[in-house]
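Below you'll find the structure, written out as structure tokens, and then a few comments.
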Amino acid sequence: MNTLYRQFIVATITILSVSIIVGLTLANIVYVVYTQQKVTSNNIKTAQSIVDNMEHLHDYETLKPYLQSVSKLGYQLFIVDSQGNQEHFGNPFDSYHIEPAIVQAVLNGELYEGKQSFWMMNHFSNALENTVGVPLALEHNSYALFMKPSSQLLFSDFHTILLGFILAVMVLSIIGVVWMTKHLIRPITLLTEATKALSNENFNYELNIKRNDEIGQLIEAFHDMRVQLKHNEEARKAFISNVSHDFQSPLLNIQGYAELLLDSNVTAQQRKMYVEIINEEAKRLANLTKQLLLLTSLDQDRYPLKLEKVRVDEQLKQLVRRYQWRLAEQNIELSYKLEQAELVTDKELLMNVWDNLLTNAIKYNRENGSIHVACSAHNDVVEVSFTDEGLGIAEQDLALIFERFYQVDHARKSDGSGLGLSIVDQIAKLLGAQVSVVSEVNKGSSFTVQFKNKE
Ligand code: ADP
């Protein structure tokens, strides 16, 4: 498996290797172009001054202790005369190979500047060829003196420390990257496990990682997503159970009364009553289905709004006319104060809002109660309110009444489904309106819908 862990380590080692190669190449160029010539001419100067001192000596035998003491100062020396006699002083060379032509040229009085090479490390090799050569004349004999600083002098204690330092930095860098990678990848591994758990519907999988970086943000976003999915799942289950329950009870009633109708002993009066109940339950089912269909279509992000100019006051008058019979039936007095108000909105959805609010004001009213409908339009704000003198809603229920299937008091249920206000809320969101409610138990409720006209 090509893990991130392995990728990080391979990338680090690759970066280190490339850095070393590039660094060495650059150092080599700098050495060959600038430093090498300087080192060679310094060496020649030193060799020259050794030779100058030697020319004051009388013979080769007195020269030897002098060369020995020079070698002790940190130089490797090699001397050869015209007869081919040779001797070395100081640390021995690894290779004594040198072209006879070079030796001959130095014996003839020329300078030898060392072996040319484009790789700097060759200039540190412990070979006779890697020396500078100067001529020397003594007692009518000519000599060639080859010299280089001792390799021990070149690789001093400081260089050993520097090398150790570089190696330590490299090793520590690799260990650091391995640790960092583990530290970075652990939360990702845990996140993968948590995601797998989530896909298996385990919504309680907690990730106990606290970080302030991007991974921390990712984990926080994951946490929010988990909570939201958990909530959605619970809502889905509750929705299914509510829908099943709300469909089941009218269906059971229909089934029960239909069976009773089959009984030949049923009187005409009973038959009428059973048919009426079946009819009512069928209507309830039809209404529930209609509401569910509307909610589902509103849930979809792209509900096709049919925008047009709507006279809100006239729409409300039309609504009141529609419910006149029901108001009369329950002996509820309805008053209204409707200012002329116009909105650009979806007429059908808006009517649905008014319909739900008015039917609730009727349903949850009391005998001989009253309802007041008001519509006002000021500074582009259209406000519609339905105020009743009915049962009212307790404080703890106020926040919940807009939830799907929520019903305050199940005894009141009769022809309710708990979907009306959630439809109102959903439509208001879609139309850009705000719904608010004030209510007091046994005194009544007032639902207000506010639109900011954008025209
Ligand atoms: P339902 O179909 O039960 O009327 P709604 O979503 O329309 O469902 O209302 C939710 C709950 O809010 C109702 O069960 C009722 O208890 C309460 N409610 C809504 N409107 C009023 C009102 N005007 N007065 C008192 N209670 C109300």
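The values are calculated or read from the model by the stated rules, or taken from the named source; none is laboratory data. From a predicted model like this one, the values you see are computed outputs, not experimental measurements. Neighbour counts are summed over all protein chains in view; Cβ atoms, including those assigned to glycine, are modelled from backbone coordinates with ideal geometry. To get the accessible areas, we keep the full protein, side chains included, count just its heavy atoms, and leave off ligands, DNA and RNA. Shrake-Rupley method; radii C 1.70, N 1.55, O 1.52, S 1.80 Å.
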Note: among LEU261, LEU207, just one is of a type in the set (A, V, I, L, M), over 39 Å from the mean Cα position of the chain (by Cα) and open to solvent by less than 50 Å² (accessible area, probe 1.4 Å), namely LEU261
Within region 57-87, restricting to residues that are open to solvent by less than 50 Å² (accessible area, probe 1.4 Å), part of a helix (DSSP H, G or I) and touching a helix residue (DSSP H, G or I) at 6+ places or on another chain (Cβ under 9 Å), the one that is farthest from LYS148 (Cα to Cα) is LEU63
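May I ask you to list the residues in region 285-304 that are open to solvent by less than 90 Å² (accessible area, probe 1.4 Å) and modelled with pLDDT under 90? Break it down stepwise before answering.
Of all residues in region 285-304, those open to solvent by less than 90 Å² (accessible area, probe 1.4 Å) come to 285-289, 291-292, 294-299, 303.
Answer for region 285-304, where residues must be open to solvent by less than 90 Å² (accessible area, probe 1.4 Å) and modelled with pLDDT under 90: ASN287, LEU288, GLN291, LEU292, LEU294, LEU295, THR296, SER297, LEU298, ASP299, TYR303.
Residue by residue through region 393-405, note down the ones that are more than 6 Å from the ligand (Cβ to nearest atom) and more than 29 Å from VAL344 (Cα to Cα). So that I can check it myself, show each step before the final result.
Step one: list which residues in region 393-405 are more than 6 Å from the ligand (Cβ to nearest atom), which gives 394-400, 402-405.
If the condition is that a residue be more than 6 Å from the ligand (Cβ to nearest atom) and more than 29 Å from VAL344 (Cα to Cα), then ALA394, GLU395, GLN396, ASP397, LEU398, ALA399, LEU400, PHE405 are the ones that fit.
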When restricted to GLU308, GLU234, the only residue open to solvent by 70 Å² or more (accessible area, probe 1.4 Å), outside any helix (DSSP H, G or I) and among the acidic types (Asp, Glu) is GLU308
Out of (1) at pLDDT 95 or above; (2) among the aliphatic types (A, V, I, L, M); (3) near the ligand (Cβ under 8 Å from one of its atoms), the one LEU419 does not meet is (1)
Scanning region 6-38 for residues that are more than 16 Å from MET170 (Cβ to Cβ), exposed (fewer than 12 other Cβ atoms within 10 Å of the Cβ) and among the hydroxyl-bearing types (Ser, Thr, Tyr) gives THR25, TYR34
With the first residue restricted to region 267-293 and required to be within 30 Å of MET351 (Cβ to Cβ), and the second required to be of a type in the set (A, V, I, L, M) and not in a helix (DSSP H, G or I), Cβ contacts under 9 Å at 6 or more apart or on different chains are LEU288/LEU419; GLN291/LEU419; LEU292/LEU419
In region 169-187, anything among the β-branched types (Val, Ile, Thr) and surrounded by 15 or more Cβ atoms within 10 Å (Cβ to Cβ) is listed as VAL177, THR181, ILE185
Given the conditions (1) among the hydroxyl-bearing types (Ser, Thr, Tyr); (2) open to solvent by 60 Å² or more (accessible area, probe 1.4 Å); (3) not assigned by TED's automatic domain parsing to the domain that holds ILE393, every one holds for TYR336 apart from (3)
Being polar (S, T, N, Q) and not assigned by TED's automatic domain parsing to the domain that holds LEU349, is that true of even one residue in region 308-322? no
Look at ARG302 and say whether it is basic (Lys, Arg) and within 47 Å of the chain's Cα centre (by Cα).
-> yes
(Q) When you scan region 423-440, do you find a residue that is more than 10 Å from the ligand (Cβ to nearest atom), of a type outside the set (A, V, I, L, M) and free of Cβ contacts under 8 Å to residues at least 12 places away in the same chain, even just one? (A) yes
Cβ pairs under 6 Å, 6+ apart or interchain, first in region 388-401 and assigned by TED's automatic domain parsing to the domain that holds ALA374 and closer than 15 Å to GLY418 by Cβ, second in a strand (DSSP E or B) and within 6 Å of the ligand (Cβ to nearest atom), ordered by first then second residue, are ILE393/SER445
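Right, LEU349: modelled with pLDDT under 95, closer than 20 Å to SER436 by Cα, among the hydrophobic types (A, V, I, L, M, F, W, C) and within 11 Å of the ligand (Cβ to nearest atom) or not? Talk me through it step by step, then tell me what you get.
Details: modelled with pLDDT under 95: yes; closer than 20 Å to SER436 by Cα: yes; among the hydrophobic types (A, V, I, L, M, F, W, C): yes; within 11 Å of the ligand (Cβ to nearest atom): no.
No.
Here is a yes/no grid of residues against (1) outside any strand (DSSP E or B); (2) charged (D, E, K, R); (3) within 22 Å of LEU107 (Cα to Cα):
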position	(1), (2), (3)
MET121	yes, no, no
GLU129	yes, yes, yes
LEU136	no, no, yes
LEU145	no, no, yes
THR160	yes, no, no
LEU172	yes, no, no
ILE175	yes, no, no
VAL178	yes, no, no
THR181	yes, no, no
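Please find, within region 356-373, the residue that is nearest to the ligand (Cβ to nearest atom) out of those that are among the small types (Gly, Ala, Ser) and either in a helix (DSSP H, G or I) or touching a strand residue (DSSP E or B) at 6+ places or on another chain (Cβ under 6 Å) (or both).
Of region 356-373, the ones among the small types (Gly, Ala, Ser) are 361, 369-370.
Narrowing the set further to residues that are either in a helix (DSSP H, G or I) or touching a strand residue (DSSP E or B) at 6+ places or on another chain (Cβ under 6 Å) (or both) leaves 361, 370.
Working: ALA361: 5, SER370: 12 Å.
For region 356-373, the residue satisfying everything is ALA361.
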Discussion item. Any residue that is under 29 Å from GLU234 (Cβ atoms), near the ligand (Cβ under 9 Å from one of its atoms) and buried (at least 16 other Cβ atoms within 10 Å of the Cβ) - is there at least one of those in region 374-389?
Written reply: no
